[in-house]
1. So which residues in region 109-164 are closer than 20 Å to Val92 by Cα and part of a loop (DSSP other than H, G, I, E, B), if there are any at all?
2. Just for region 115-153: of the residues that are of a type in the set (Ser, Thr, Tyr), surrounded by fewer than 19 Cβ atoms within 10 Å (Cβ to Cβ) and touching a Ser or Thr at 6+ places or on another chain (Cβ under 7 Å), which one is nearest to Ser59 (Cα to Cα)?
3. Are there any pairs, at least 6 apart or on different chains, whose C-beta atoms fall under 7 Å, with the first in region 130-152 and farther than 18 Å from Ala110 by Cα and the second of a type in the set (Phe, Trp, Tyr) and part of a helix (DSSP H, G or I), and if so, which?
4. Tally up the residues in region 86-114 that are over 12 Å from Phe131 (Cβ atoms), modelled with pLDDT of 90 or more and exposed (fewer than 14 other Cβ atoms within 10 Å of the Cβ), please.
5. Conditions: (1) crowded, with 18+ Cβ neighbours inside 10 Å; (2) outside any strand (DSSP E or B). Ile172 meets all but one. Number of the miss?
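The values are calculated or read from the model by the stated rules, or taken from the named source; none is laboratory data. As the structure is a computational prediction, the values presented were derived from the model and not from experiment. Cβ: placed from backbone, ideal geometry, glycine included. Neighbour counts: every protein chain shown.
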Amino acid sequence: MNPLITFLPLIVIVLIGLLLTIPKIKKDRKLVTDDQSGFEYCSFWKRLLAFIIDFFILSIIDYFIIIIVLDLEIKDKIADFGFFFLYRHPIVLLTAFLYYTIMESSKYMATYGKMLLKMKVTDLSGKRISFGNAIARFFGKLISSFFLCMGFLMMFFMSKRQCFHDTFANTIVIKSPVTSPTLHNSEVNESSN
């Protein structure tokens, strides 16, 4: 089966997502900041676009692992049910878990989708999150997706634009690059010594 045909539904979803989110990002120029922290919190539409980019990246990784590396006998099932049959495979959950937890707790503090859109996942004070927080955030995302994705829509009612998984893991998603007020003060103290 031609890989282009296999990826066609995914490409269509990504293009529709881009067409729906890019105008919203341009329209959403209003800064949302917390007076005490000075952080600029990312909008729903910007976060959705980052998710679509990450979804596309993960789909390619999953396809490569399941079809090419493991050579699992699901090629006929994909031909019968389409590419979305892959999303029932446990390897998909494992690759998503590793991708999100490792990337968000790394020195980059973001997945590739978030990096492209200049976003970072931090703790409430703007510092890098631990691997444990990244794990809590990942499983919080699974909970967020229950009940018609209400956990993601919570951000419209939160002052720091936090989804359920952000509040669950005590994290925020902010515009990058950002200088944390506490980080800035410690840098000033170090430079004066």
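1. Ala110, Thr111, Ser145
2. Looking at the filtered set, the residue picked out is Ser130.
3. Ile143/Phe164; Ser144/Phe152; Ser144/Phe164; Gly151/Phe164
4. 1
5. So the condition that Ile172 fails would be (2).
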